[in-house]
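This report refers to the structure that appears directly beneath it.
The values are calculated or read from the model by the stated rules, or taken from the named source; none is laboratory data. In this text, all values refer to a predicted model and were calculated from it rather than measured experimentally. Neighbour counts are summed over all protein chains in view; Cβ atoms, including those assigned to glycine, are modelled from backbone coordinates with ideal geometry. These area figures cover heavy atoms from the full protein model, side chains too; ligands, DNA and RNA do not enter into them. Shrake-Rupley method; radii C 1.70, N 1.55, O 1.52, S 1.80 Å.
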Amino acid sequence: MAQAQLPLETPLSLPGHPKAWKWYDYFTFNVDHKVIGIQYLVTAFIFYLIGGLMAVAMRTELATADSDFLNPNLYNAFMTNHGTIMIFFWVVPAAIGGFGNYLVPLMIGARDMAFPRLNALAFWLNPPAGALLLASFLFGGAQAGWTAYPPLSTITATTAQSMWILAIVLVGTSSILGAVNFIVTIWKMKVPSMRWNQLPLFCWAMLATSLLALVSTPVLAVGLILLLFDINFGTSFYRPDAGGNVIIYQHLFWFYSHPAVYLMILPIFGIMSEVIPVHARKPIFGYQAIAYSSLAICCVGLFVWVHHMFTSGTPPWMRMFFTISTLIVAVPTGVKIFSWVATLWGGKIRLNSAMLFAIGLLSMFVLGGLSGVTLGTAPVDIHVHDTYYVVAHFHYVLFGGSVFGLYAGIYHWFPKITGRLLDERLGILHFVLTFIGTNLTFLPMHELGLKGMPRRVAMYDPQFEPINFICTIGAFVLAFSIIPFLINVLWSWNKGKIAGDNPWGGLSLEWTTSSPPPIENWEVLPVVTKGPYDYGIEQRKGSTNENEEE
Amino acid sequence: MQGTIDSQTTAITADHGHEHPDFRVLGLLVFLISESLMFGGLFAAYLLLRGMHAQWPPEGTEVELLVPTINTLLLLSSSFVIHYGDVAIKRDDVRSMRKWYWITAAMGAVFLGGQVYEYLTLGYGLRTNVFANCFYVMTGFHGLHVFVGILLILGVIWRSRRPGHYSAQKHTGVTMAEIYWHFVDVIWIILFTLLYILTRF
Amino acid sequence: MGFSGRFGTMEQIPAPIWTLTAGIVVTLISFWVGQHHGLLPEQASEQAPLVDNFFNIMLTIGTALFLVVQGAILLFVIRYRRRPGDEGDGLPIEENLPLEVFWTAIPALIVIFLGIYSVDIFQRMGGLNPGDHTLHTMHTPEQAVAVVAEAPSKTTSDATALLAAAPTPEIGIGASPDVQGKAPDVVVDVTGMQYAWIFTYPDSGIVSGELHIPVGKDVQLNLSARDVIHSFWVPQFRLKQDAIPGVPTELRFKATKVGTYPVICAELCGGYHGAMRTQVIVHTPEDFEAWRTQNQVTATAPVISSLSDRHIEEIGVTPQLVAQVEAMTHHHSPDKL
Ligand SMILES: [Cu+2]
Ligand SMILES: [Cu+2]
């Protein structure tokens, strides 16, 4: 009964515009934000598969204590590029570039982003960057970890390392351009009838994300460019024997790369805030708290970076200051989690694939968040820093969190993007396999780290073999979990059940247009009369309608 | 009945909204925040390195002051010159705008020339020591920005050949080039202070 | 979105009795988990129990939060799942100020408590006093050399620091409160290199591939790195500190238990980073003396004998290389050789 009543079928034909894009339009410099969103999502997913294969190779190596499957240098190249790809070529472009571009204009009632050509340019920086990264394997691949700490990065596989740097600088530029676009779009291009407190939380999250990307990415670029100079042009910024200092790099790097964690999770939080209310059939609990906590995370998140350097060259006061600031970030994050759980309360929860992934995220992110608190305190971090405990933590946050969120987003918006529904049985199979695989792979890693296994090793103490073997089995389960998903997406894209404009009964603006939306999104821009999460709330007729419409 | 977004009722009056206002100036300002942080990162790295050395700059890599000071004055005054161009276009005077923009571009070119002259006469190169590393990378990176600024100005001049391309009402490109030029100027002041003045006193 | 009207009231919160029971169960489980998780290796340094207690407290709080949140998720998902045929919406609750204040304030209080507590723990670990017993701040190699040159004129209780000659570490874990202002009993210079640790005893000239220390004595390790960053970690000590080229660091501790524990490199240092492992042997004081007298005679032999074939063949750490390192670590105190 409470399905949103949607506008009548609108004729799609706008004079002078093509009706819909052809398949080949997706391979061109197209400026439509929806095309760009799909370009990002598909490209990122391909990189996800590549990064995933590297992970499988690494876990195969780690099934036994000796270095017997991969050459140790190749292992390090896989380790480095697995991290790099999953961060810079999968989660960030899929969440920000993919969902951000596709959804933000649709959610705020805009026809496109503020700077469509800049948007296309930002996307097209990605494929050459990815090609550069993959080509670096011809020179052995970068082997110094995604952190690329000098001096190791200045003396190991330097050609590949230089290509790695250029690739990251390219995607960094892309993300700065994207951030400028999102900030201006969300700030200025909401449909006039939408008040700020009717802005979907995904857009709030994108705003916070973009602000973070805007201020942190350039600092990484500086750090990497100086590294590039050290490697190739004989400078000595990070060469201790010639007056340089290696810790400066670490500060520049982590000033970006801690916020990078939020670049990877804030948009996902946004996806959660959209998916959960729709399928729980309830208003989001604590709209303001969620919106403001994104901004709080964005601000405090800029001042916690040294928690990655508690065992490095940092003086005591720094270790203490950043312990406390790191602990503080836990509060706004907790507020979000509690708000989503409260949203479930009293709902009529549809346990479909999208919702299962969202709830799975909620449950795993709690664990990742709590282990994060322990890592944020210097005394405990000194013991577990650079161990498998850290690996466990960030995979709970980034796989159990970000990747689950991306899956939830795909199941939720696939009908909007393609006009067709994904198959639910395959979706649930995919969820079950992914959930089991994730916990099997990453839960035992906590123990490994606490007991004494360092990370980034191709060979390890044989006493850890049994636990590592379990992790490896989990990794294979995860690898196989992709298969039902791939089949589902490829099959449903052409043959799936027709979705209709609003299969979930969503109230945010993207559901008011057809599926897939026409070029320029609406023939006539929608008028917002109520919030995006007003499930179960009787429409207040008459009196309030008038003053809300202007 | 619970529909919340009823577009059909207002379809007739609603704005079709295929055009939106020009947000390019805003976009540039947001982008310049990012640029500032890039220089901010460089300055931070420089100051950290400086703090680690008892003698800064190390012997043999002292900086020149005469040419850079002239350069600084040149760049500072070019900010006023370009502003005259902006004032001119607001009066719909394309010809004066072009004149002032030409002068600004020329001043920028002289600045770059001065920079190159300084590089050639300093007597030490990029690799000499950490201070030299910083000096060349920072001034070089700034020089790159000056170069881009000159290109933007020349772009504006090129486009203004067509009558009516810029007018009192429509001159976003002119404004953007000006804003960028001021930005480059402000960065230079900080850079000049850090690399030249503070190494002398 | 004002704070008035149409949201949850107290009657929607589960019955007090039920909550109380759940609360007690969660508390009991959390305390049990906090004490019996068995996730940490044995404790062999003075710092280890401090770290473990702190970890256990966080694990207890964490378990409680974990159980409450997971329990709530499971309960809600089961209880409020959509029944077939029901296309309706749930309760239109948008906010509840007291509840939101509650779940912002409680974590904030927990976090403030943990923050203060971690400073306290860190202080007791000696984390606030690196470089405590040694000379003044030295930022640069030039300065350090200057200080060493003028050192004989200075009155210092700590001759070993001068012999070590490296710039004094002011980063790492320093003197814990009970040894503050005192010189350490044993000083060892630790050099990390791809892919081995070299331990040099400046007062006896012993060079070893394994770390030997006496139990119950105040030990200071001066960490340095020759090529890339390494990280010195003994899990049983709960201590880790990067060895950084150009940045001297230290670890100061008392081992509390006789035994042999792994020394692990925890910072990626190249292809064989995972093989950069050796041992720390904690002796009784008598055994340590015996070891020392025995090895002082043959100064450089132990390091070569302690290098396994694997070091030599796989990793490329050869006796020649070690000899080179020794020369490097010793050239400051030739009288000792
Ligand atoms: Cu971080
Ligand atoms: Cu290592």
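When each of A:Leu478, A:Leu486, A:Leu440, A:Leu421 is tested for being open to solvent by 10 Å² or more (accessible area, probe 1.4 Å) and farther than 26 Å from A:Phe394 by Cβ, the lone residue that passes is A:Leu421. The condition (being of a type outside the set (A, V, I, L, M) and within 30 Å of A:Ile417 (Cβ to Cβ)) is satisfied by just one residue among A:Pro454, A:Pro526, A:Pro466, A:Pro444: A:Pro526. In region C:263-283, the residue that is most open to solvent (accessible area, probe 1.4 Å) out of those that are over 17 Å from A:Arg456 (Cα atoms) and touching a Pro at 6+ places or on another chain (Cβ under 7 Å) is C:Gln279.
Scanning region A:159-181 for residues that are closer than 30 Å to A:Arg239 by Cβ and within 14 Å of chain C (Cβ to nearest Cβ) turns up at least one hit. The single condition among (1) at pLDDT 90 or above; (2) more than 8 Å from every other protein chain (Cβ to nearest Cβ); (3) surrounded by 21 or more Cβ atoms within 10 Å (Cβ to Cβ) that A:Ser312 does not meet is (2). Tell me whether region A:234-247 contains one or more residues that are within 15 Å of ligand 1 (Cβ to nearest atom) and either part of a helix (DSSP H, G or I) or open to solvent by less than 10 Å² (accessible area, probe 1.4 Å) (or both). Within region A:234-247 (the criterion being within 15 Å of ligand 1 (Cβ to nearest atom) and either part of a helix (DSSP H, G or I) or open to solvent by less than 10 Å² (accessible area, probe 1.4 Å) (or both)), the answer is no, since none of the residues qualifies. For A:Met194, state whether it is within 30 Å of A:Glu523 (Cα to Cα), within 14 Å of chain C (Cβ to nearest Cβ), not in a helix (DSSP H, G or I) and not small (Gly, Ala, Ser). Yes: the conditions hold for A:Met194. Mind checking which residues of region C:177-197 are away from ligand 2 (no atom under 16 Å from the Cβ) and small (Gly, Ala, Ser)? Within region C:177-197, C:Gly181, C:Ala183 qualify. Filtering A:Ser293, A:Ser257 for residues that are part of a helix (DSSP H, G or I) and in contact with a Lys or Arg (Cβ under 6 Å, 6 or more places away or on another chain) leaves a single hit, A:Ser293. Return yes or no: is A:Thr434 of a type in the set (Ser, Thr, Tyr), assigned to a helix (DSSP H, G or I) and facing chain C (nearest Cβ under 10 Å)? Taking the combined requirement at face value, the residue does not satisfy it. Restricting attention to region C:215-232 and to residues that are under 24 Å from A:Thr154 (Cα atoms) and open to solvent by less than 10 Å² (accessible area, probe 1.4 Å), the residue that is nearest to ligand 2 (Cβ to nearest atom) turns out to be C:His230.
Would you pick out the residues in region C:42-51 that are at the interface with chain A (Cβ under 9 Å from one of its Cβ atoms) and open to solvent by less than 20 Å² (accessible area, probe 1.4 Å)?
C:Gln47, C:Ala48, C:Val51
Would you confirm whether or not region A:316-323 contains a residue that is crowded, with 23+ Cβ neighbours inside 10 Å, away from ligand 1 (no atom under 16 Å from the Cβ) and part of a helix (DSSP H, G or I)? Taking every residue of region A:316-323 in turn, none turns out to be crowded, with 23+ Cβ neighbours inside 10 Å, away from ligand 1 (no atom under 16 Å from the Cβ) and part of a helix (DSSP H, G or I).
Just so you know, in region C:78-102 the residues that are within 41 Å of the chain's Cα centre (by Cα) and farther than 14 Å from A:Gln288 by Cβ include one that is nearest to the other protein chains (Cβ to nearest Cβ), and it is C:Phe102.
Can you say whether A:Leu199 is open to solvent by less than 10 Å² (accessible area, probe 1.4 Å) and either under 14 Å from the mean Cα position of the chain (by Cα) or within 16 Å of ligand 1 (Cβ to nearest atom) (or both), as far as the supplied structure shows? Working first, answer last.
Details: open to solvent by less than 10 Å² (accessible area, probe 1.4 Å): yes; either under 14 Å from the mean Cα position of the chain (by Cα) or within 16 Å of ligand 1 (Cβ to nearest atom) (or both): no.
So A:Leu199 does not fit the description; no.
Against the conditions (1) in contact with a helix residue (DSSP H, G or I) (Cβ under 7 Å, 6 or more places away or on another chain); (2) open to solvent by 20 Å² or more (accessible area, probe 1.4 Å); (3) more than 9 Å from every other protein chain (Cβ to nearest Cβ), A:Ala354 satisfies every one except (2). Has region A:292-300 got any residue that is of a type outside the set (A, V, I, L, M, F, W, C), away from chain C (no Cβ under 14 Å) and away from ligand 1 (no atom under 16 Å from the Cβ)? Among the residues of region A:292-300, at least one is of a type outside the set (A, V, I, L, M, F, W, C), away from chain C (no Cβ under 14 Å) and away from ligand 1 (no atom under 16 Å from the Cβ), which makes the answer yes. Of the residues in region C:241-257, at least one is within 13 Å of another protein chain (Cβ to nearest Cβ), closer than 15 Å to A:Pro454 by Cα, open to solvent by less than 10 Å² (accessible area, probe 1.4 Å) and more than 12 Å from ligand 2 (Cβ to nearest atom).
Just to be sure, is C:Gly174 within 14 Å of chain A (Cβ to nearest Cβ), at pLDDT below 85, more than 16 Å from ligand 2 (Cβ to nearest atom) and open to solvent by less than 50 Å² (accessible area, probe 1.4 Å)? So C:Gly174 fails the test. Listed by first and then second residue, the pairs with beta-carbon distance under 6 Å, at least 6 apart or on different chains, first residue in region C:70-92 and touching a residue at least 24 places away in the same chain (Cβ under 8 Å), second not in a helix (DSSP H, G or I), are C:Leu91/A:Gly346; C:Pro92/A:Pro283; C:Pro92/A:Gly536; C:Pro92/A:Ile537. Taking each residue of region A:448-460 that is more than 7 Å from chain C (Cβ to nearest Cβ) and looking for partners that are charged (D, E, K, R) and within 16 Å of ligand 1 (Cβ to nearest atom) with beta-carbon atoms closer than 7 Å, six or more apart or interchain, yields A:Arg455/A:Asp386. Scan region A:259-266 and tell me whether some residue there is surrounded by fewer than 24 Cβ atoms within 10 Å (Cβ to Cβ) and free of Cβ contacts under 8 Å to residues at least 60 places away in the same chain. The answer is no; no qualifying residue exists. Taking the stated definitions as given, is A:Met58 within 14 Å of chain C (Cβ to nearest Cβ), part of a helix (DSSP H, G or I) and either of a type in the set (A, V, I, L, M, F, W, C) or under 14 Å from the mean Cα position of the chain (by Cα) (or both)? Judged against the criteria, A:Met58 is a match.
Taken residue by residue, region C:198-214 has no member that is within 16 Å of ligand 2 (Cβ to nearest atom) and within 14 Å of chain A (Cβ to nearest Cβ).
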